[in-house]
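Only one structure is covered here, and it is reproduced in the block below.
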Amino acid sequence: MSSFKGVVVIFTIGLSIGSCAVTKTNTTKSMDIYGPGVIQNPVIVDLEVNENKVTGTAMAKSSVSLSTVKQAAVTDALKKSNADVLVEPSFETITEKRRTTATVTGYPANYKNFRSVEEKDLPLLESGILQKADVHEPVLSKAKAKKGLLIGGVGAGILAIIGGFLIFF
């Protein structure tokens, strides 16, 4: 009876190990505030650009889109430099076998001096020197992610169960 309890415990642990999965994503997103139902006073902000370039790198399986890998490289560069935005990013991508590597180089910059529009800022606004930030949000293919995790999880669970049987028998 004691060995049966041991087998049940090992089986339960094997299933627990096999069902664990961790998914980590990075998302950068901005929204244009001009639209129906939104009334916003215009805000002017200075962009302080660092003259020293920063480099960021990201790797992923080739099933992940190139734009997602590039955005992950930008996220890495921004984290390294503690910056808000990367100015003039330059990308280098390498795809070998089943892995894509993206490296980005650019100037890190931070937003400073947020202020409401004043009359002295009107010529700047009238000249049309406005920029809209891009929206970058990774798209995960749940079918592919689950299939890969299922195979890996089942394999780990089966190995734990076999190990438990070898210990008790």
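Coordinate-derived values only; no laboratory data. Small disclaimer: the values here were computed from a predicted structure and weren't measured. Heads up, the Cβs are rebuilt from the backbone with ideal geometry, glycines too, and the neighbour counts pull from every protein chain shown.
The table below gives the values:
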| read-out | value |
| --- | --- |
| Label point distance in nm, VAL87-ASN52, each placed 7 Å from Cα along Cα→Cβ | 1.6 |
| 24 Å Cα-Cα threshold exceeded, pairs from LYS53/LYS97; LYS79/LYS120; LYS80/LYS120; LYS79/LYS112; LYS70/LYS112 | LYS53/LYS97; LYS79/LYS120; LYS80/LYS120; LYS70/LYS112 |
| Distance from segment 59-73 to segment 98-112 (C-alpha centre basis), Å | 12 |
| Other-chain or far-sequence residues with amide H under 5 Å of SER62's (modelled H) | ARG99, THR100 |
| From phi via Karplus (6.51, -1.76, 1.60), per-residue ³J(HN,Hα) for segment 50-66 in Hz, x at Gly/Pro | 7, 7, 9, 6, 10, 10, x, 9, 9, 10, 7, 5, 5, 6, 7, 5, 4 |
| Backbone N within segment 80-117 under 20 Å of label point (7 Å from GLN40 Cα along the Cβ vector) | 84-86, 110-117 |
